[in-house]
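J.: Starting off with a structure, shown below.
Bear in mind that the values in this text are calculations on the coordinates, not laboratory data. Computed from a prediction, not measured in an experiment: that's the story for all the values here.
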Amino acid sequence: MADNKSKKGKSDRNKVSGSENYEIQYFKEKMNVSSQAVTGAIRATGSNDRKVLEKYLKNRHGK
């Protein structure tokens with residue numbers, strides 16, 4: 001599902017779209033992990049919520 005660029009509210013800022021390369025790039029740099037780790041976290045958790053992904057990556061990569 002494509003990211004709706006017209007919806008820029010709080011709920012959109014709390015999510016990482018796995019189909020938007022720029023969002024994955026930003027999040028991987030923020031978490032200091034690879035792009036594959038970010039997409040893997042999205043698949044493993046079944047969520048695209050930033051807090052869920054941050055928690056998963058911190059536990060998984062010890063950062």
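J.: Amide H to amide H, which residues 5 or more places from Lys15 or on other chains are under 5 Å from it, using H placed in the peptide plane?
T.: Long-range HN contacts for Lys15: Arg50.
J.: Then there's this: Subtracting the Cα-Cα distance from 0.36 nm times the residue separation, let me have the gained length for Thr39 to Ser19 in nm, one decimal. Don't skip to the answer; put the middle values down first.
T.: Values: separation 20, 0.36 × 20 = 7.20 nm, distance 0.93 nm.
Between Thr39 and Ser19, full extension yields 6.3 nm more.
J.: Expressed in nm to one decimal, what extension gain is obtained for the pair Asp12 and His61 from 0.36 nm per residue of sequence separation less their Cα-Cα distance? Before the final figure, lay out each step's value.
T.: On the way: separation 49, 0.36 × 49 = 17.64 nm, distance 2.55 nm.
Value of the extension gain: 15.1 nm.
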